[in-house]
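The values are calculated or read from the model by the stated rules, or taken from the named source; none is laboratory data. As the structure is a computational prediction, the values presented were derived from the model and not from experiment. Methodologically, a virtual Cβ is constructed for each residue, glycine included, from the backbone with ideal geometry; neighbour enumeration extends over all protein chains shown.
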Amino acid sequence: MLDSLYIKNYRNLKELKINSLGKINLITGKNNTGKSTVLEAIAIYATKGYLDLIYQLLEERGETFKQRNANTNLIETNIKIFSSLFYNRIVGFNAENVISIGNLENTLSDENLSSEDNISLRFVKYIDEIHIDEQGNRTTKRKFLQNDSAIREDYKIGFEIKSRDKSYVLSLAEDGKSHYRYIRPESNDNVQFIETRRGINRDINGNLFDNVALTDKEQYVIEALKIIEPLTERIAFVEETLGERSAVIKLSDSQQILSLQSMGDGINRILTIILALVNAGNGYLLIDEFENGLHYTVQEKLWSIIFQLSKKLNIQIFATTHSEDCIKGFESVLNKSNSVSDGKLIRLDNKNGTIKQVEFDAKELKIATDQNIEIR
């Protein structure tokens, strides 16, 4: 779990330091302050720099490019793709041009590279040196070069993902996802990311429900749906068309099976959130724009369930919001919880192009909401 957060050189975050985090963290701020960017960075950290996730983040922002013809320069194309991750899209090969994500106290201030469990991403120049021992055995050792590598004409350009003592280098001379054949850094499966751009993905929801069907966690899902429909008795996912499943619901006062989709955005949004939550045990849940599809009257009830289950299932949660109602519901549940240290609100401000944070603990948040001080 993250006790604090340090993000350097990731997208519009030149250097962001959040001094302390809670079990449940709500991030607010105006447009273009980096709320979604913070969630992306945490997802990269939580999945140990998982390549599939990085490509997914790039694709969803429209930052990948298909090869048009055989004459396209693969290295230039891949540099353009991965440069989208870096602050101001700067491409460099020294210690200053490194993305670093992790706990604040683990940061190496002198080299800006990952320490302990932090993650770093960077462009590298390297050569593969072949060594032959006395018995004729051949080994290949990778040697990284600095900016003065112009004296070498045989260097390669790669993209390095570094987690702890493991380093993965992708050759940028290869076509995009062909990297998967060679390198698949280990991922933490207990990371669930609900992205606004993706919306409700019914295929993913069906798979998540399969994981908890006929277990105690299925009842958590039912109780959450009762926030909007108190008569909820059972749900299931059925295949209505070939290869596509959707959620159906049975209410306690009827034998009829209803399509959950027909019951509105609110109950489907709650289903998406709660399924992700119960599948994130001992891991992380990330929710972009928490309030989407939710009437203000149900948000406090949903926060109450989230606070309970995050403790029971040992989940650290990060959510973003634009909504004062969402903040008020969060504050109310936080200050009624058994431990007010469980939650934190972080506001991001854009100060002349630099993103800065303002942190609110439970007491400070209560004072602000009681005095109707706008926090967003």
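A few remarks follow.
- Within the range 210-226, residues that are touching a residue at least 40 places away in the same chain (Cβ under 8 Å) reach partners that are in a helix (DSSP H, G or I) and charged (D, E, K, R) with beta carbons closer than 9 Å, at six or more positions or on different chains, in the pairs ASN211/LYS217; VAL212/GLU218; TYR220/LYS312; ALA224/LYS301.
- In this structure, LYS366 qualifies as surrounded by fewer than 23 Cβ atoms within 10 Å (Cβ to Cβ) and modelled with pLDDT under 95.
- Selection of the range 335-358 for residues being in contact with a strand residue (DSSP E or B) (Cβ under 7 Å, 6 or more places away or on another chain), within 30 Å of LYS14 (Cβ to Cβ) and not small (Gly, Ala, Ser) yields LYS344, LEU345, ILE346, ARG347, LEU348, ASP349, THR354, ILE355, LYS356, GLN357, VAL358.
- The residues of the range 266-286 that are in a loop (DSSP other than H, G, I, E, B) and of a type in the set (A, V, I, L, M, F, W, C) amount to a single one, ALA280.
- Scanning the range 130-144 for residues that are part of a strand (DSSP E or B) and more than 25 Å from ASN97 (Cα to Cα) returns ILE130, HIS131, ILE132, ARG138, THR139, THR140.
- Boolean, LEU53 is in contact with a Phe, Trp or Tyr (Cβ under 9 Å, 6 or more places away or on another chain), buried (at least 21 other Cβ atoms within 10 Å of the Cβ) and within 19 Å of PHE318 (Cα to Cα): no
Every residue, every condition in (1) within 24 Å of PHE330 (Cα to Cα); (2) small (Gly, Ala, Ser), yes or no:
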| residue | (1), (2) |
| --- | --- |
| ASN9 | no, no |
| LYS23 | yes, no |
| ASN31 | yes, no |
| GLY34 | yes, yes |
| ALA41 | yes, yes |
| TYR45 | no, no |
| ASP52 | no, no |
| LEU57 | no, no |
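- Residue check, SER4 surrounded by fewer than 21 Cβ atoms within 10 Å (Cβ to Cβ), touching a residue at least 40 places away in the same chain (Cβ under 8 Å) and in contact with a Lys or Arg (Cβ under 8 Å, 6 or more places away or on another chain): yes
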